[in-house]
Amino acid sequence: MEANSLRSQVIERIKTRQAEWDALLAEIPQDRMELPGVEGNWSVKDLVVHLAHYENWLATFLESVLQDRPFEKTPLDRLELDDRNESIFQANRARPLAEALSDARLARERLLRAVEALAEEDFEPDSRFAEPMAANPPPWEKNGVASLKKLIAGETYRHYEAHMPALKLWLEKA
């Protein structure tokens, strides 16, 4: 992997944000991870599940293109972003914390493997990802995304960056 390639930069940024997220989580005793109020009525566990859902979504999408098979939408993929997020929240409210944390770790590992399997040319505008991205825009981008880098960023390091301030603020108040 060439150090200055776009692919390597994306992988490094994912790893950096994941490490920052892990450092934040390490500050939180497990008996507080299910307390609501981190973001609205979401707990730390709910945020972990939320991030893992989107990392799994992206891993599934990347794997489908890498394996030259169609991406199969789920019923959640047909929902607007807020409705989708609420469905994910409701479906996982009773989920045990240990299971949520374990599944999140597995989602991150799966996603990182998928991103590492990408070729540098996959980041080009006319790559094999162009058509599938146009046909399957992420829920936060109704008109599709301009690039594979933007798609990956939105479901990984930028997604962490979007939720870190609320978690940091919650930690400060604790």
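The values are calculated or read from the model by the stated rules, or taken from the named source; none is laboratory data. In this text the structure is predicted, and so the values were computed from the model without any measurement. Positions of Cβ are backbone-derived with ideal geometry, glycine not excepted, and every protein chain shown enters the neighbour counts.
Quick notes
- Taken together, D103, D46, D31 contain a single residue that is of a type outside the set (A, V, I, L, M, F, W, C), within 26 Å of A166 (Cα to Cα) and free of Cβ contacts under 8 Å to residues at least 40 places away in the same chain, which is D31.
- W57 vs. criteria touching a helix residue (DSSP H, G or I) at 6+ places or on another chain (Cβ under 8 Å) and more than 20 Å from F129 (Cβ to Cβ): no
- Among the conditions (1) in a helix (DSSP H, G or I); (2) more than 17 Å from E55 (Cα to Cα), P125 misses just one, which is (1).
- Subset of the range 126-174 (residues that are among the acidic types (D, E) and either under 26 Å from V38 (Cα atoms) or touching a residue at least 24 places away in the same chain (Cβ under 8 Å) (or both)): E141, E155, E161, E172
- Selection of the range 8-40 for residues being under 17 Å from the mean Cα position of the chain (by Cα) and basic (K, R) yields R13, K15, R17.
- Within the range 77-122, the set of residues being small (G, A, S), in a helix (DSSP H, G or I) and under 24 Å from A19 (Cα atoms) comprises A98, A100, S102, A104, A107, A114.
- Only one of E63, E124 that is at pLDDT 95 or above, charged (D, E, K, R), out of contact with any Cys (no Cβ under 9 Å at 6 or more places or on another chain) and within 21 Å of R7 (Cα to Cα): E63
- Scanning the range 41-79 for residues that are among the hydroxyl-bearing types (S, T, Y) and within 15 Å of the chain's Cα centre (by Cα), we see that the one that is surrounded by the fewest Cβ atoms within 10 Å (Cβ to Cβ) is T60.
- The number of residues in the range 134-174 that are at pLDDT below 90 and not in a loop (DSSP other than H, G, I, E, B) comes to 3.
- Of all residues in the range 33-42, none are part of a helix (DSSP H, G or I) and closer than 22 Å to A153 by Cβ.
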